[in-house]
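Working notes, structure below.
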Amino acid sequence: MTKKSRWSFNFSTASLVLIPAAVGINYIGKFFAGALKLPLWLDSIGTVLASMLAGPVIGALSGAINNIIYGLTADPISLVYAITSVAIGITVGILAYKGWMDSWPKALFSGIIVALVSAVVSTPLNIKFWGGQTGNFWGDSVFAFLIANKYPVLIASFVDEILVDIPDKIATILVSYAIFRGLPNKLTLVYKNESEIEKL
Amino acid sequence: MKRLVVEDLKYRYPLSQELALNDISFAVEKGEFIGIVGPNGAGKSTLCQAITGLAPNFLKGAYGGRVLVDGMEVAKEEIAEIATHVGIVFQNPFTQIAGSKLTVFEEVAFGLENLGIPRYEMKKRIEEALELLDIAALRDRNPFDLSGGQMQRLAIAGIIAMKPEIIVLDEPTSQLDPQGSEEVFQAVQNLSREGMTVLMVEHKIEKIAAYADKVLLLCAGKLIDFERPPKVFSREDLEDYGIAPPVFTRVCKKLNIKTADGLYPVTLKEAYDKVVKILE
Amino acid sequence: MKTLSLYQPGRSIIHKIDPVTKLLFIILAIFVPIIIGTWGAALLTLLISLSFILIGRVFKKVLPILGFSSIIILSVIIIQGLFYVNNKAPLFTLGPVTVYREGFYYALNIALRIYNILVAVSILVLTTKPSDLIEALVRKGFSPRIGYIFSSVLQIIPQMMSTVDTISDAQRSRGLETEGRLSARIKAFFPLIGPVVMNSLISTRERAMALEVRAFNSKRKKTFLHEEVKTGYSRFLQFILLAILLAAIVWRVLS
Ligand SMILES: Nc1ncnc2c1ncn2[C@@H]1O[C@H](COP(=O)(O)OP(=O)(O)OP(=O)(O)O)[C@@H](O)[C@H]1O
Ligand SMILES: [Mg+2]
């Protein structure tokens, strides 16, 4: 596959219909994580799958649309975090393309990378909009402890975010990888826009 | 007049070794009803997708030969333009609902909006399609609130409104309950009566026997037979291709009841007429 | 069948304003206070937004949206009031803890900014039918393909949620543990999410083909079943909003 097709903005219909499915999967992940009272969000499984299947651009679009929809139907602040979702989509797309998503250990490593990217992108947003907090009880407790001890807000906020992101993003990537492995070949192929028609 | 001409059609899926369609040739006249039968994996769905240009334009892979619809070579056209000449209906009604529209009426409009049909013309076509599929009463309902049979008829209406000359249906009732199936068969029969050229893949062989002018028998990507139903269903080797003949044919075969041309009757009516004749 | 939406049908003037104008208002409500940078500007914007909510008769519906963030805001007030770096002047003392003025005001500023976003977005989402918003954007030249994605998401999610109910019931009746220890609950996640996810991914293939044969990729110029509802004053409103934005920028540059 050529690099160009990976980054193509000329979307195939199959990749486009992957986006609503991805957003729906994000929503359902979040729903079950809540219903089972898991200490994780698990709300980006769909975005990750979209990136793995159709590349960074579709992944990024899935992330953005996910947050826009969530922002317009539940919590408007999530609009702001569309940026984080886009970053996750792009990162996973690149990792998958570079072959960093094709075994369990590699997927675990990718999970850590994604957590870092997510935290790096979210931290300035958290600082700008929330004074540095994430809204997660444990993370915010650590944040309070750190700023009470005169650590810079940037550090405190980053630690707050990464504490939440590390377990969440690793779990998200591992779940997505498990699902990806179960998908039939003829499905994974249709999202790739690049194959030529051979003449018989 | 030949509506559809298929010449030496070959097709292979990407990453696959075997041909899913292997040198298929046949022609369909305007207004004919063609039943497509064959065992699982025979290539029936693939053939439907090749007739509508999805293979190769959407599915890619390897392609040879030609499919001509009214003289237009489908592999060389945009799928959106082919859609105004030949339409296709799939198995699962859910996946065919565009999902972006809130009412049945708007849903039928989806394809017409994409084609840039002017508003007055669009409304006229939608009314006609709803009428023809007998779902006009559901016009303001949400498409997802319909029963399976209603939803599948809506899917057909969405295709018909684009005014294709040919409609291809790939097992349109396989996911429906008996009542839904019956509704859809009625609708398809209606279309055929209105003069539409119909190709339908169907496992319920009695339905093919009842409606089809000709049966296309497919196995392992090859065209085995393309003849009138009694001819195809009277073949001694039919079961070798995984097809059980219609129940009336089986009964007549047991009783050795043949029509004048030496074939077994395929529908209740034919069987009945023949038996009456014998008894007379 | 529900579509995912907070829209409250109504006939107020706010409902009648076209979606693009409301979008423009959101941008204004977020950026004008930031550009001007004073308390007064932020407070005034919030009051204006709230009055639109009242005119639109959707005040009750805005409360749950605010509630979502209010708990976090409360924790921000506590944490910053106690520990903000620039804390110097005590505001009040409650037993052993002292809340400081600087941190408290900093937190109030944050609260104001958050509520400004929440209320401004609420005007749009509570008084606009999602399909109208999407159609308005597509008419303005926004990609119809992206427009399609948005509308279909709003229907797909309730659709998937109804499958979710069926699957949860089925899995529970097969003895899947969904309560109790954490490890049991983690184990339950997979059988619950797996089938829905697989199904929705697998059906994208046929859905893509079904869209293609309905001219989804047509190069022709798209038409619309519904006529565009023109509100005469929408241009005028948009002009005023843009003028205010411009005035704020000029004010900032000059002062
Ligand atoms: N996307 C694909 N990639 C590779 N091979 C495929 C693909 N789809 C179908 N095939 C193969 O092509 C052949 C024909 O399949 P097709 O779906 O056309 O059969 P069918 O006659 O419609 O069968 P059924 O009765 O099960 O619907 C089969 O061998 C099948 O495994
Ligand atoms: Mg098939």
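Here are some notes:
- Per residue, chain B exposes 40 Å² of accessible surface when a 1.4 Å probe is rolled over the protein heavy atoms with every protein chain present.
- Prolate/oblate/rounded call for region A:13-194, Cα gyration tensor, a/c under 1.5 rounded: prolate
- Convex hull of Cα atoms in the protein assembly as shown, direction-averaged projection (nm²): 38.5
- Charged side chains reduced to their Cβ positions (Lys and Arg at +1, Asp and Glu at -1) give region C:1-75 a dipole of some 360 debye around its Cα centre.
- Legend: calculated FRET efficiency, B:LEU279 to B:ARG66, from the Cβ-Cβ distance at R0 = 51 Å, rounded to 0.05, equals 0.50.
- Summed over both chains, the contact between A and B buries some 1000 Å² of accessible surface at a probe radius of 1.4 Å.
- Estimated FRET transfer efficiency when R0 is 22 angstrom, pair C:THR93-A:SER141 (beta carbons, to 0.05): 0.45
- Net charge of neighbours whose Cβ lies under 12 Å from the Cβ of B:ALA271, counting Lys and Arg as +1 and Asp and Glu as -1: +4
- Approximate spin-label separation B:ARG139-C:LEU254, in nm, with each point projected 7 Å along Cα-to-Cβ: 5.8
- Association of chains B and C removes close to 3500 square angstrom of accessible area from solvent, both sides included, for a probe radius of 1.4 Å.
- Electrostatic tally near A:TYR70: other residues with Cβ closer than 12 Å to its Cβ, Lys and Arg +1, Asp and Glu -1, net -1.
- Taking a Cβ cut-off of under 13 Å around C:ILE193, the surrounding Lys, Arg, Asp and Glu residues balance to a net charge of +2, with basic ones at +1 and acidic ones at -1.
- Peptide ranges B:251-257, C:191-197, B:165-171, A:40-46 listed from the most packed, as the mean C-beta count within 10 angstrom indicates: A:40-46, B:165-171, C:191-197, B:251-257
- Across peptide C:69-81, the average count of Cβ atoms from other chains found within 10 Å of a residue's Cβ is 4.
- Accessible area buried between chains A and C, both sides summed, probe 1.4 Å, in Å² to nearest 100: 5500
- Under the convention that each Lys and Arg Cβ holds +1 and each Asp and Glu Cβ holds -1, the size of the dipole of region A:13-194 around its Cα centre is about 300 debye.
- Interchain or long-range residues, amide H under 5 Å from B:LEU218's placed H: B:VAL37, B:GLY38, B:ILE224
- Here region A:13-194 has 72 percent of its accessible surface on carbon and sulfur atoms, given a 1.4 Å probe and all protein chains in place.
- Of the DSSP H helices in chain C, those with a Cα length along their own long axis of 15 Å or more and a mean Kyte-Doolittle hydropathy reaching 1.6 comprise C:19-36, C:39-55, C:59-83, C:234-254.
- As a ratio to 2.2 N^0.38 Å, the alpha-carbon radius of gyration for chain B is 1.04.
- Chain C - percent of accessible surface contributed by carbon and sulfur, probe 1.4 Å: 67
- For chain A, the longest principal axis of the alpha carbon atoms and the long axis of helix A:56-73 meet at an angle near 50°.
- Heavy-atom surface of region A:13-194, accessible at 1.4 Å and reported per residue (Å²): 34
- Cα gyration tensor category, rounded, prolate or oblate, for region C:129-191 with a/c compared to 1.5: prolate
- Net charge dipole size for the protein assembly as shown [Lys, Arg +1 and Asp, Glu -1 on Cβ; Debye, nearest 20]: 1860
- From most to least packed by mean Cβ count within 10 Å, the peptides C:3-11, A:54-62 give A:54-62, C:3-11.
- Principal-axis tilt of helix A:137-148 within chain A, Cα atoms, nearest 10 degrees: 50
- Each label point was placed 7 Å from the Cα along the Cα-to-Cβ direction; for C:ARG145 and A:LYS98 their separation is 2.8 nm.
- Positive-end ranking of A:SER141, A:ILE88, A:SER78 along the dipole of region A:13-194, with charges on Cβ about the Cα centre, is headed by A:ILE88.
- Summarising the strand pairing of the protein assembly as shown, around 55 percent of its internal DSSP beta bridges are antiparallel.
- Cα gyration tensor, chain C - rounded (a/c under 1.5), prolate or oblate: oblate
- Pairs exceeding 26 Å between alpha-carbon atoms, taken from B:LYS10/B:LYS163; C:LYS16/C:LYS60; A:LYS192/B:LYS101: B:LYS10/B:LYS163; A:LYS192/B:LYS101.
- Centre-to-centre, using Cα atoms only, region B:84-109 and region A:24-71 are separated by 27 Å.
- Taking Cα atoms only, the orientation of helix A:13-35 departs from the longest principal axis of chain A by about 40 degrees.
- Computed E for C:LYS221/B:ARG228 - FRET, C-beta separation, R0 35 angstrom, nearest 0.05: 0.15
- Pairwise label distance in nanometres, C:ARG181 with C:PHE236, each label 7 Å out on the Cα-Cβ vector: 7.0
- Per-peptide packing, taken as the mean over residues of other Cβ atoms within 10 Å, places C:129-137, C:242-250, A:15-23 in the sequence A:15-23, C:129-137, C:242-250 from highest down.
The values are calculated or read from the model by the stated rules, or taken from the named source; none is laboratory data. Because the structure is a prediction, the values reported are computed rather than measured. A quick note on method: Cβ atoms are made from the backbone with ideal geometry, for glycine too, and the neighbour counts reach across all protein chains shown. Ligands, DNA and RNA are stripped out before the accessible areas are found, and what is left, the full protein with its side chains, is counted by its heavy atoms. Shrake-Rupley method; radii C 1.70, N 1.55, O 1.52, S 1.80 Å.
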